[in-house]
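The values are calculated or read from the model by the stated rules, or taken from the named source; none is laboratory data. On a predicted model such as this, the values are computed, not experimentally measured, just so you know. When we count neighbours, we look across all protein chains shown, and the Cβ atoms used for this are built from the backbone with ideal geometry, even at glycine.
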Amino acid sequence: MRIELKNIYKSFDKKTNTIENLNLTVEDGEFTALLGPSGCGKTTTMLMIAGIYKPDAGEIRFNGQNVNALEPKDRNIGMVFQSYALYPHMTVLENIAFPLKQKKVPKKERIERAKKAAEMVKLDGLLDRRPGELSGGQQQRVALARAIVKQPKVLLLDEPLSNLDARLKIEMRAEIARIQKELGITTILVTHDQEEAMTLADRIAVMKDGRIIQYDTPAELYKNPKNYFVAQFIGTPPMNFIKGRIADQQLQIAGKSYFLNRSEFDLTEDREVIAGVRPHEIQFGRGGDIRMKGTVELVETVGYAKIVNVKVEEEHFRFFANTATSFLYGSEIEFSFPSASLHLFDARTGASLK
Ligand code: ATP
């Protein structure tokens, strides 16, 4: 199912817009994540797609048809919430079959279909247990099976993994990806976890204050963030930033001036900027054309590499280094990166100068 949101507005108090002129298209079979900080309006957006909230203005379309007046039960949607919301007195099988019971599907068919959904999420063998006798990951699977048992055309997932520990999270992430691809179902995931969005989604809508700031593939968001907000939100470890300025078509940062490629950056206007560089672009020593000096503050070992934390002026930079290289705390070191890997943002508006 293709989902379109057109010029959507939603307010809860008639004063401030929780959602403001939101536009979004999710193609049939696509996996889209709504990503943003707490309170930016992700859940509100999702509940409008589900029909639980009504927009104050704008149109929601499923396969080109306006569904604004359609009740949630008629929207052909499966949902999974953070809390799972399982029925404690029912068995796993009864929980999964419940939506079919509500639809008055005959018992034999109900059980057959519930078993098939349970198999899909690898719960066969646990069908007679009650939710209280399951681990968090297993409960999550029940919630997922219950959401897909009606064979909905749309799957809505609201922070489905946030109650799981780190290892289970990664396991369930892979499960969700597999099930989504197997069913080919249009899916919308609400999350504040950029890593979750980056690993699962075909496209991510980065939201802030009720608006979509950028809607792109994970690779594009990583490579070409449209503004400072997206740049600092996407990537682990995060992008490094330092204040600078453009003057006479040159970049001044950390006490030095650099000529940059004018076809790559808009250098026409003198202005304060924030320069950004991803940790993996930086190398220890002088290999790149932009060179900086800093004081070693901390060295973290992550197995395959070291993450070196360096203080440069008032800023903190992190980069990866070979595990064989030693760094002395408090010592001054030089590091560098290619100017082509640089991101520049207008310090006032946050817009990228690329
Ligand atoms: P979180 O990650 O914390 O769930 P979110 O991005 O999903 O955040 P929403 O839950 O959509 O954000 O909330 C956006 C704003 O709308 C918040 O300021 C919230 O308080 C407000 N809001 C949401 N639902 C209601 C409601 N039913 N009544 C009043 N205000 C609401």
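Is there a residue being buried (at least 16 other Cβ atoms within 10 Å of the Cβ) and under 23 Å from the mean Cα position of the chain (by Cα) anywhere in the range 84-93?
Checked the range 84-93: at least one residue is buried (at least 16 other Cβ atoms within 10 Å of the Cβ) and under 23 Å from the mean Cα position of the chain (by Cα).
Kindly evaluate Val273 against the criterion of being aliphatic (A, V, I, L, M) and at pLDDT 95 or above.
yes
Could you check the range 30-146 for strands (runs of 3 or more DSSP E) lying wholly inside it with 3 or more residues that are within 16 Å of the ligand (Cβ to nearest atom) and modelled with pLDDT of 95 or more? Talk me through it step by step, then tell me what you get.
Values: elements: 31-35, 57-62, 77-80.
It comes to 31-35.
Looking at the range 230-253, which of its residues are surrounded by fewer than 18 Cβ atoms within 10 Å (Cβ to Cβ) and in contact with a strand residue (DSSP E or B) (Cβ under 9 Å, 6 or more places away or on another chain)?
Once the filter is applied, which keeps residues that are surrounded by fewer than 18 Cβ atoms within 10 Å (Cβ to Cβ) and in contact with a strand residue (DSSP E or B) (Cβ under 9 Å, 6 or more places away or on another chain), the range 230-253 yields Gln232, Pro237, Pro238, Lys243, Arg245, Ala247, Asp248, Gln249, Gln250, Gln252.
Let's see how each residue does on (1) surrounded by fewer than 23 Cβ atoms within 10 Å (Cβ to Cβ); (2) without any contact (Cβ under 8 Å) to a residue 24 or more places away in the chain; (3) in a helix (DSSP H, G or I):
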position: Pro160; (1), (2), (3): no, no, no
position: Asn163; (1), (2), (3): yes, no, no
position: Arg167; (1), (2), (3): yes, yes, yes
position: Ile170; (1), (2), (3): yes, yes, yes
position: Val190; (1), (2), (3): no, no, no
position: Ala205; (1), (2), (3): no, no, no
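What are the pairs, 6+ residues apart or on separate chains, where a residue within the range 35-54 that is more than 24 Å from Leu221 (Cβ to Cβ) has its Cβ under 6 Å from a residue that is assigned to a helix (DSSP H, G or I) and more than 8 Å from the ligand (Cβ to nearest atom)?
Pairs that qualify, where the first residue is more than 24 Å from Leu221 (Cβ to Cβ) and the partner is assigned to a helix (DSSP H, G or I) and more than 8 Å from the ligand (Cβ to nearest atom), are Ala50/Pro72; Gly51/Pro72; Ile52/Pro72.
Counting only residues that are in contact with a Pro (Cβ under 8 Å, 6 or more places away or on another chain) and buried (at least 19 other Cβ atoms within 10 Å of the Cβ), which one in the range 53-83 is farthest from Arg146 (Cα to Cα)?
By that ranking, first place goes to Ile77.
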